[in-house]
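Read through the structure below, which is laid out as structure tokens, and then see the notes.
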Amino acid sequence: MALHNRVDRRILKKRLMEETFKRTTISFYRYVRIENPQEFRDAIYQEWDALNCFGRIYVAREGINAQMSVPEHHQEEFLQKLDQHEELKDMPIKYAVEDDGKSFFKLTIKVRPKIVADGLDDGAYDVTNVGNHLDALEFHELSQKEDTIVVDMRNHYESEIGHFRDAITPDADTFREEIDMVVDQLQDQKDQKVLLYCTGGIRCEKASAYLKHHGFQDVNQLHGGVIEYARKIKELNIESNFIGKNFVFDERLGERISNEVISRCHQCGKPADTHTNCANDICHLLFIQCEECAAQYEGCCSDECRDIIHLPEEEQKALRKKMSDKFGENKIFKSRLRPNLRKIKQQDNSKAAVES
């Protein structure tokens, strides 16, 4: 049986759109000792591929981190298969807030050194000494108190489109950068109650342990992350303290949690919170783009990239090879695209002054 997908992504996406059955988007993780990650990876690939499951899964000696799309008619069998592995038995499953079943188009399972890359040596801190786990309602109530510090443990492009009200949202590109930024920023507040949150909870496991290692006394984390919080708040019919969208790492790139649009198009500055990857495969930069700019730039981040997608395919291939040789496979060679928010704010204030 094949252990990797060999079909062109365009064909896979076409097949996905033509499916006549429904899929469910789920996520789960667990820190657990996996003695032989490669053997474990190959075994679950065969099982999940046979059930027509899609997703992006990372396996390491320290555990598993999975975001998946499971056919509804195979869901019960999939859960039974999980329980047959001691490492995955009784796994807590998180279900997507918004789900059209088109979150993934293939199954990818990779063996990694860690399921969350923190850039630290294994012995740098005790990863088992984690913070206090708060359920959705506990976190909701505490996050609104003045004497608590709420910290977003996600990257800048995630918090940019959605976050908890009044949360600290570090301008970080990686988790490794962020944990040090948070420690430095809160250096004089180590005795205060700190609430951490992330997408599904996995990054907070390491972040809370890292903060405790650096002397923070009252560290708490949102169990199940924003995904579980949104589900529970909706179930209880409570107004969400998380505003905007929750960024997700699949084809959807976001789930709407509240109606507020808190970010702006990176090209024109209009309110927008739809992420896209530049249509130029040489670039593939992740950025926020409004509908008007998507039409004007044809899904690209710049005039230059728009010009490239209209070149003959052979010229595009030659450019891709040139950039790959220079920067390596799958490397974005440009800095992140960011709007000049200060300039936009000044323009908004000037416009408001004229109108008044």
Q) Just checking, how many residues over region 173-213 are surrounded by fewer than 21 Cβ atoms within 10 Å (Cβ to Cβ) and without any contact (Cβ under 8 Å) to a residue 60 or more places away in the chain? A) 17
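State whether one or more residues within region 18-37 are over 30 Å from A209 (Cα atoms) and in contact with a Lys or Arg (Cβ under 6 Å, 6 or more places away or on another chain). Walk me through how you get there before you give the answer.
First pass over region 18-37, keeping only residues over 30 Å from A209 (Cα atoms): 18-24.
From the residues that got through so far, the ones that are in contact with a Lys or Arg (Cβ under 6 Å, 6 or more places away or on another chain) too are none.
Within region 18-37 (the criterion being over 30 Å from A209 (Cα atoms) and in contact with a Lys or Arg (Cβ under 6 Å, 6 or more places away or on another chain)), the answer is no, since none of the residues qualifies.
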Q.
If I109 meets every condition in (1) in contact with a strand residue (DSSP E or B) (Cβ under 6 Å, 6 or more places away or on another chain); (2) in a loop (DSSP other than H, G, I, E, B) apart from one, which number is that one?
A. (2)
Q: Only residues that are modelled with pLDDT under 90 and β-branched (V, I, T): list them for region 96-125, please.
A: V97, V116
Q) assigned to a loop (DSSP other than H, G, I, E, B) and touching a strand residue (DSSP E or B) at 6+ places or on another chain (Cβ under 7 Å): does that describe K114? A) yes
**Q.** Answer residue from region 277-315, given it is modelled with pLDDT of 95 or more and among the polar types (S, T, N, Q) and is surrounded by the fewest Cβ atoms within 10 Å (Cβ to Cβ) among those
**A.** Q296
Q. Just for region 179-218: of the residues that are part of a helix (DSSP H, G or I) and of a type in the set (S, T, Y), which one is nearest to the chain's Cα centre (by Cα)?
A. S208
Q | All positions within region 34-49 that are touching a residue at least 40 places away in the same chain (Cβ under 8 Å) and charged (D, E, K, R) | A | R41, D49
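The values are calculated or read from the model by the stated rules, or taken from the named source; none is laboratory data. None of these values were measured; they are calculated from a predicted model. Counting neighbours? That spans all protein chains shown, and the Cβs are built from the backbone with ideal geometry, glycine included.
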